[in-house]
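Contents: one structure, followed by commentary.
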Amino acid sequence: MKYQLVVIALVAASLVGCQANPVSGRQQLVLVSEDQAQASSAQAYTQTLSEAQKKGNLSTDAGLNNRVRRITDRLIAEAKLMYPPSRDWQWSVAVIDEPTLNAWCMPGGKMAIYTGIIQKLKLSDDEIGQIMGHEIAHALLGHGRERMSRAIAMQGGMQLGSILAGRDLSILAPVADIALTLPNSRENESEADRYGLELAARAGFDPRAAVRLWEKMSAASGDGPPQFLSTHPAPGNRIQALNALMPQMMPIYEKAR
Ligand SMILES: [Zn+2]
């Protein structure tokens, strides 16, 4: 708590602070700039992939890699229209061959999906489209930066000065890593559900698959909650809220199909 106050005081005195997110318009407290978030995410991404490769866990299944890439390419094309600055992102997707039920998209468009979630939940293309649409929405909405900011606050804010001064990005790589393990807020989840659904519908993925996806996910919680659910906590009425968006989303999907 004491550290959080220090962080807030430092932030108040710096250029980085409360900003309106360009996509949602919502005010966010951010301790890292978009450039810093992307640079450190790129570093964490390279590290994650090289560790997976060392363990032989980077999927070499060409069919699966192509399937995932076809799906994410459609989403990326729409993301660039929804949020034009993402045209300059170095988008990338990896398929990690681990039994984890997880998927993510870091700031700057560095994505991964795990074979565990595809196989155990027997995901259709529409469901993969929905899950990656939701992840990309988190990135477009700046939620990764918010989580990184929380990771910095957790570290005690000791290195905050040099981070804010942009002197040492290596400090931020572990922060980008930790951020991936922190839960999003329920408010962020609702936002990502809403924007992810629209992004996926525009890319031609069936909005109804989002409902099926979350139903499958909660059914899989039997043997311990999937990692995905610990980082994406359910806004209480998720299924209800998604269903309420269907009349709005179905025409977008029908048009894009
Ligand atoms: Zn989420």
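The values are calculated or read from the model by the stated rules, or taken from the named source; none is laboratory data. In this text the structure is predicted, and so the values were computed from the model without any measurement. When we count neighbours, we look across all protein chains shown, and the Cβ atoms used for this are built from the backbone with ideal geometry, even at glycine. For the accessible areas, the whole protein counts, side chains as well, though only heavy atoms, and no ligand, DNA or RNA atoms are used. Shrake-Rupley method; radii C 1.70, N 1.55, O 1.52, S 1.80 Å.
Some values worked out for this structure:
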quantity: Criterion (touching a helix residue (DSSP H, G or I) at 6+ places or on another chain (Cβ under 8 Å) and modelled with pLDDT of 95 or more) met by exactly one of Ala79, Ala151; calculated: Ala79
quantity: Residue tally, condition within 23 Å of Ser190 (Cβ to Cβ) and either out of contact with any helix residue (DSSP H, G or I) (no Cβ under 8 Å at 6 or more places or on another chain) or buried (at least 24 other Cβ atoms within 10 Å of the Cβ) (or both), over region 109-126; calculated: 3
quantity: Of residues in region 163-178 being modelled with pLDDT under 65 and of a type in the set (A, V, I, L, M), the one farthest from the ligand (Cβ to nearest atom); calculated: Ala165
quantity: Residue under evaluation Glu135, criteria (1) within 14 Å of the ligand (Cβ to nearest atom); (2) surrounded by fewer than 20 Cβ atoms within 10 Å (Cβ to Cβ), criterion not met; calculated: (2)
quantity: Every residue from region 108-133 that is assigned to a helix (DSSP H, G or I) and of a type outside the set (Val, Ile, Thr); calculated: Gly116, Gln119, Lys120, Asp125, Asp126, Glu127, Gly129, Gln130, Met132, Gly133
quantity: Among the residues listed as Leu10, Leu15, the single one being modelled with pLDDT under 95, assigned to a helix (DSSP H, G or I) and open to solvent by 60 Å² or more (accessible area, probe 1.4 Å); calculated: Leu10
quantity: Failed item, numbered, when Asp35 is tested on (1) buried (at least 21 other Cβ atoms within 10 Å of the Cβ); (2) assigned to a helix (DSSP H, G or I); calculated: (1)
quantity: Residue ID - nearest to the chain's Cα centre (by Cα), chosen from residues in region 141-152 that are within 12 Å of the ligand (Cβ to nearest atom) and open to solvent by less than 10 Å² (accessible area, probe 1.4 Å); calculated: His143
quantity: Pro99 being open to solvent by 20 Å² or more (accessible area, probe 1.4 Å) and closer than 27 Å to Val23 by Cα; calculated: no
